[in-house]
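The values are calculated or read from the model by the stated rules, or taken from the named source; none is laboratory data. Please read these numbers as outputs of a predicted model, since none were measured by experiment. Glycine gets a Cβ as well: all are built from the backbone with ideal geometry, and neighbour counts include every protein chain shown. Note: areas computed on protein heavy atoms with side chains; ligands, DNA, RNA excluded. Shrake-Rupley method; radii C 1.70, N 1.55, O 1.52, S 1.80 Å.
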Amino acid sequence: MSATRPSATQSSQASTDYSGLQALPEIWPIAAHRFGNVVALRDNYSKPNIVLTYSELHQNLQQFASGLQALGIKAGDRISLFADNCARWMIADQGCMAAGVVDVVRSSEADPPELAFIYENSESSALLVENLKTCQKLLPLLNPAAIEFIGLLSDEEPIADSPVPMLNFNQILATGAKHSFTPPQFASEQLATLLYTSGTTGQPKGVRLSHRNLMH
């Protein structure tokens, strides 16, 4: 996955001051306005390949955020995001933040007991996973009553008899497209994400990163 930098001419024409922003999601509407049709995200590992302009990326982020809101997620809630680097990870991560959600991130390749511990320790209320494989190895270790819904970053068909409501990536976007997005109020010291350590010397520990940390 790679990002395409605007040219020096484009950057000069679109120069703006980001210093007054409080949170990372506030960058995206500005970037969409300034850089529009410039390619922002290119994922050559996806099938088919994904190429998104800044305008398209912003639209995807907002639809994902709106989808989360339509599913009952509120600003300040925590969602575990267990997936690896890809374009959809970017959309899910920044979509969560755009909704005012604290996302709890870890690779899908981590051991299932570790992922289950992180979900419970972080007090997450919903789960986003890379694919059905990740979901199926993790779900037996979790209490279904503690999960509002599961979102897949893949296009796979959700499990019909799942004990937890389940949607795939495009279903979340479609839900968001039908729902009016409500921008949250941001503060620079607001918690943006919890990044868990690998747990090689004991149980994983959550590192708190604020929007100020990320904006720095």
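Annotations
- Kirkwood estimate for the stretch 75-181, i.e. one over the average of 1/r between Cα atoms, Å: 13.7 Å
- Expressed as a fraction of 2.2 N^0.38 Å, the C-alpha radius of gyration for the chain is 1.02.
- The Cα atoms of the stretch 90-153 give a gyration tensor whose axes a ≥ b ≥ c have a/c of 1.5 or more with a/b greater than b/c, which makes the shape prolate.
- For Leu52, the shell of other residues with beta-carbons less than 12 Å away shows a net charge of 0, using +1 for Lys and Arg and -1 for Asp and Glu.
- Here's the list of lysines a cross-link from Lys178 could span, going by alpha-carbon distance under 20 Å and ignoring same-chain residues fewer than 8 apart: Lys74.
- Remark: the chain carries 50 Å² of accessible area per residue (probe radius 1.4 Å; ligands, DNA and RNA excluded).
- Computed about the Cα centre, the dipole magnitude for the stretch 57-172 is approximately 220 debye when only Lys and Arg (+1) and Asp and Glu (-1) carry charge, each at its Cβ.
- Cα-centred dipole magnitude for the chain, charges only on beta-carbon of K, R (+1) and D, E (-1), debye, nearest 20: 440 debye
- Cα centroid of the stretch 129-150 to Cα centroid of the stretch 25-82, whole Å: 23 Å
- For the stretch 142-216, the square roots of the Cα gyration tensor eigenvalues, ordered a ≥ b ≥ c, give a/c of at least 1.5 with a/b no greater than b/c, which places it in the oblate category.
- Rounded percent of accessible protein surface that carbon and sulfur make up, the chain, 1.4 Å probe: 51 percent
- Of all lysines in the structure, those lying under 26 Å Cα to Cα from Lys47, and not within fewer than 8 positions of it along the same chain, are Lys133, Lys137.
- Positive dipole terminus of the stretch 82-216, leading residue within Leu141, Leu195, Ser108 (C-beta point charges): Leu195
- Where both bridge residues fall in the chain, DSSP classifies roughly 35% of the beta bridges as antiparallel.
- When each of the peptides 146-158, 91-103, 34-46 is scored by how many other beta carbons lie within 10 Å of its residues on average, the order from highest to lowest is 91-103, 146-158, 34-46.
- Semi-axis lengths, largest first, of the ellipsoid equivalent to the stretch 46-96 are 21, 14, 8 Å, with √(5λ) applied to each eigenvalue of the Cα gyration tensor.
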